[in-house]
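Structure first, commentary second.
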Amino acid sequence: MTDLAPHTGHRDRLREKLTSAGGLALHDYELLELYLFRCIPRRDVKPIAKDLIARFGDLGGVASATVGQLSSVRGVSEKTAAELKLIKALSERLAREQVIGRPVITSWSALVAYCRTAMQHATTEQFRVLFLDRKNKLIADEVLGEGTIDHAPVYPREVVKSALAHEASAIILVHNHPSGDATPSQADIEMTRTLMEICKPFEIAVHDHLVIGRENTASFKTLGLM
């Protein structure tokens, strides 16, 4: 108990600050400290929290890092790294709850927020499809391709197959650019047009294609690319 006592007051003050002022009153590393309290109960975790933020940039970067990357930070065991992955899982689940079963027209900002939460910090490119019913409500989403830092394989037939399995009337395509720049590439544009043509005979509309960058999101529809 003796090595826990010096940090007890600090931990109590952080908890009180969170309770009285809310999460916005705390720095990223302080929020991370609060989470680490339960994982590392008998050690000063402020240096660990600061090192994690310094290494991965922000809370989103920490949450999206792999167990191997996290455990390479001094003081973070594999068990603690696995616990930290819960942050990403909870964030995605909470964001998804804001859009699933709701018309995308009335929850568009929440839909984009969900996609950003899921893909913004990914270090490899992912291709995700959001499936909508006849009322444009989100009924499901799937990652249908994962690849390298600048490419994810896209198989149009798999997209159509999944859309038919979900009985979807429309889809929204989403992929990320780990480089950070959300500007659609010529390959992105050509792939989107190919998918639209293949979906047309099945009466599956392609409403939009979102490209998730580190700081912003590009919409094909807004850019006049579809």
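The values are calculated or read from the model by the stated rules, or taken from the named source; none is laboratory data. Quick caveat, the model's predicted, so the values are computed rather than measured. Here Cβ is always computed from backbone atoms with ideal geometry, including for glycine, and neighbour counts include all displayed protein chains. We work out accessible area using only protein heavy atoms, side chains counted, and drop any ligands, DNA or RNA first. Shrake-Rupley method; radii C 1.70, N 1.55, O 1.52, S 1.80 Å.
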Percent relative contact order for segment 77-129, counting Cα pairs under 8 Å at least six residues apart, stands at 31 percent
For the chain, what proportion of DSSP beta bridges, expressed in % and rounded to the nearest 5, is antiparallel?
70 percent
Given axes a ≥ b ≥ c from the Cα gyration tensor, I'd like to know whether segment 171-226 is rounded (a/c under 1.5), prolate (a/b larger than b/c) or oblate.
prolate
Sequence neighbours fewer than 8 away in the same chain don't count; with that in mind, list the lysines whose C-alpha is under 16 Å from K46.
K17
What residues qualify as long-range amide H neighbours of L144, i.e. H under 5 Å apart, gap of 5 or more or another chain, H built at 1.01 Å from N?
F127, R128, V129
Given points 7 Å out from each Cα along the Cα-Cβ axis, report the S72 to E167 separation in nanometres with one decimal.
4.7 nm
Which lysines, on any chain, are close to K221 with Cα under 28 Å apart, when same-chain ones fewer than 8 places away are left out?
K135, K137, K161, K200
Of all beta bridges DSSP finds with both residues in segment 93-226, what is the antiparallel percent, to the nearest 5?
70 percent
Would you grab the residues whose amide H sits under 5 Å from the one on V206? Only those 5+ places off in sequence or on another chain, please, with H modelled 1.01 Å from N.
I171
Rounded to whole Å, give me the distance from the Cα center of segment 188-223 to that of segment 58-101.
29 Å
Of all the C-alpha pairs in the chain, what % are more than 21 Å from each other?
61 percent
On the protein heavy atoms, probe 1.4 angstrom, tell me the percent of accessible surface of segment 104-226 carried by carbon and sulfur.
52 percent
Percentage relative contact order, segment 1-113, counting C-alpha pairs under 8 Å, at least six apart
17 percent
When only alpha-carbon atoms count, how far does segment 25-119 stretch along each of its three principal axes, as whole angstroms with the largest first?
47, 30, 21
What lysines does K88 reach when the alpha-carbon gap must be under 17 Å and sequence neighbours fewer than 8 apart in one chain are set aside?
K79
For the chain, report the accessible area per residue in Å² (1.4 Å probe, heavy atoms, rounded to an integer).
54 Å²
Only Cα pairs under 8 Å and at least 6 apart count here; give the relative contact order of the chain as a rounded whole percent.
13 percent
Is there a quick way to get the dipole size of the chain? I mean about its Cα centre, with the Cβ of Lys and Arg at +1 and of Asp and Glu at -1; what is the value in debye to the nearest 20?
600 debye
Segment 23-49 and segment 122-145 have their Cα centres apart by a whole-number Å value of 33 Å
A chain fully extended from D58 to R102 at 0.36 nm per residue, minus the present Cα-Cα distance, gains in nm 12.8 nm
Gain in span if fully extended, E146 to F37, counting 0.36 nm per residue against the direct Cα distance:
35.8 nm
